Amino acid sequence: MKHLKRGMAIALCAAVAAGGLCGCEPKSGMRLDEETEPVVLSFFMPMGAQKKEGANIFLKLIDQYNASHSDVQVEVEGISIKDGYNEVLERRLASGQGDDLFTVNADSVKSFAANGYLCDLSGLPACSRLYPAAREQAEIGGLVYTIPLTMAAYGMYVNTDLLAKYGLEPPADYSSWMHCCQVLKEGGVTPFAVNRWYAMTVPVMARGLYKLYQSEHYGELVEGLNDGSVPIGDYMLEGFQMFEEFLNQGYYGDDLTREGVDSVPARTTDLQDFQNQKVAFAFFSSGVEKYFVDEGEGMPYLVQGVPALPEGTVCLPSIADRLCVNANSEHLEEALEVAEYITDATAAELLTNGDGSLPSREGQEGVPLGAEHMQRLLPLVNREGQIPIEDMNLHFTYWDTTRTLCLEMIDGLSAQEAAEKYNAIQLEQIGKYGDE
């Protein structure tokens, strides 16, 4: 195994057959040959100290793998997203001696593919069973960069008890949503929880991109977006204008600063404010319930699509876990074997009732998918016209670009200026990713 000085990385566990990541004992008779050193693979993934944070399903499956294999063992390291996981991962890969396996966030996929870091996983058996929505987000330029274990969806969490106090119903469309925000603000309630990610990207993308994804001419529009003849700012302007109105009306709170918002990680104070009924709406990925503190688990709420449409709501489906194999791994054969083991996991190992996990492929049917509070969101996920958090058909990015431009708007950038700046970013990134 290749060794690096990993200053920021926290060595979370070194799973060996005698112990395992989760404390599991190895299968009877499985012992490492004392005379033969196993191949040791490194796996880098986001981790954190928050309750139940971290890629626990990966830890469970790697524990099982280590307990049943003597020739190959997997060591896991990680740091949190807020401590710079994306940047550290990129430096590790760029060094030429990066980890054998890793997980990647949506906004890094296109640059990692362009730099040759991602191994094509189309040969893994699970690839042929992917549902269309999962396959679309798992493939870029013919390269299957990940086999998602599960899917998720970003929607809007609604505090139904707080709305009822003001005689309001969960909003079903854009006009009723804006009415709720106005009534709440006039009553002294801040409508939206704020954080450095989902609170901005989810509503702004929903409002800015629904016309693109619900167009009968999506394919033609993609061609124009990819050659620059269709400016992305023409679509996103409506989302930026909505965000500008939110800021002007104080719907995220008053006296916001870019630095202040950028210092609020998702699922921290925003989740606390939602649970404590300080805000009526919050934007999270399905499954955020596992981060609720115990006393908040019984609070009255529901999960629905974002009411950004003139009539109706929309959600942002997402791959929940992007397992990747380093194309430059010195142990590529073994890394692919581990990836095959992990991606062949059964539905019962991956999906549990009410945690927000959604199936990614055939063979995951028959498992309960979500608690009662999610019933308004689930029907949207596989419906046409939903917005992927990162469209792999495009030669430029959404997720991180939208976030950055929203932060600049907090700092004074206008909606029109944000749209124009996005057009420039679009053209710049087409030049970088256009041949992939």
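Things to note:
- Answer from GLN64, GLN73 - the residue that is in contact with a strand residue (DSSP E or B) (Cβ under 6 Å, 6 or more places away or on another chain) and at pLDDT 90 or above: GLN73
- Residue in region 195-209 that is open to solvent by 30 Å² or more (accessible area, probe 1.4 Å) and in a loop (DSSP other than H, G, I, E, B) present: yes
- The numbered conditions (1) in contact (Cβ under 8 Å) with a residue 60 or more places away in the chain; (2) open to solvent by less than 50 Å² (accessible area, probe 1.4 Å); (3) β-branched (Val, Ile, Thr) are all true for THR257 except (2).
- Contacts under 8 angstrom Cβ, first residue in region 68-86 being closer than 15 Å to VAL325 by Cα and among the charged types (D, E, K, R), partner at pLDDT 90 or above and open to solvent by 10 Å² or more (accessible area, probe 1.4 Å), 6 or more apart: GLU75/VAL40
Okay, residues lined up against (1) at pLDDT below 75; (2) assigned to a loop (DSSP other than H, G, I, E, B); (3) among the hydroxyl-bearing types (Ser, Thr, Tyr):
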{"residue": "ALA345", "(1), (2), (3)": "no, yes, no"}
{"residue": "GLY356", "(1), (2), (3)": "yes, yes, no"}
{"residue": "GLY366", "(1), (2), (3)": "yes, yes, no"}
{"residue": "HIS373", "(1), (2), (3)": "yes, no, no"}
{"residue": "ARG376", "(1), (2), (3)": "no, yes, no"}
{"residue": "PRO379", "(1), (2), (3)": "no, no, no"}
{"residue": "GLY385", "(1), (2), (3)": "no, yes, no"}
{"residue": "ASP391", "(1), (2), (3)": "no, yes, no"}
{"residue": "HIS395", "(1), (2), (3)": "no, yes, no"}
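- Annotation note: of VAL88, VAL76, the sole residue that is within 21 Å of the chain's Cα centre (by Cα), crowded, with 22+ Cβ neighbours inside 10 Å and of a type in the set (Val, Ile, Thr) is VAL76.
- Residue satisfying all of: in region 210-223; part of a helix (DSSP H, G or I) and of a type outside the set (Phe, Trp, Tyr); least open to solvent (accessible area, probe 1.4 Å) among these: LEU212
- Filtered residues of region 266-284 (kept if open to solvent by less than 30 Å² (accessible area, probe 1.4 Å) and not in a helix (DSSP H, G or I)): ALA266, VAL279, ALA280, PHE281, ALA282, PHE283, PHE284
- Test: residue in region 108-122 that is more than 20 Å from LYS432 (Cβ to Cβ), in contact (Cβ under 8 Å) with a residue 24 or more places away in the chain and among the hydroxyl-bearing types (Ser, Thr, Tyr): no
- Filtered residue count, region 300-337, keeping only those that are of a type in the set (A, V, I, L, M), open to solvent by 10 Å² or more (accessible area, probe 1.4 Å) and closer than 15 Å to VAL144 by Cα: 2
- Subset of region 388-411 (residues that are open to solvent by 30 Å² or more (accessible area, probe 1.4 Å) and within 13 Å of the chain's Cα centre (by Cα)): ASP400
- One residue from GLY228, GLY224, GLY219 being out of contact with any Gly (no Cβ under 8 Å at 6 or more places or on another chain) and touching a residue at least 40 places away in the same chain (Cβ under 8 Å): GLY228
- The numbered conditions (1) among the hydrophobic types (A, V, I, L, M, F, W, C); (2) surrounded by fewer than 17 Cβ atoms within 10 Å (Cβ to Cβ); (3) modelled with pLDDT of 50 or more are all true for CYS22 except (3).
The values are calculated or read from the model by the stated rules, or taken from the named source; none is laboratory data. None of these values were measured; they are calculated from a predicted model. When we count neighbours, we look across all protein chains shown, and the Cβ atoms used for this are built from the backbone with ideal geometry, even at glycine. Each accessible area value is taken on the protein alone, full model and side chains, heavy atoms only, with ligands, DNA and RNA left out. Shrake-Rupley method; radii C 1.70, N 1.55, O 1.52, S 1.80 Å.
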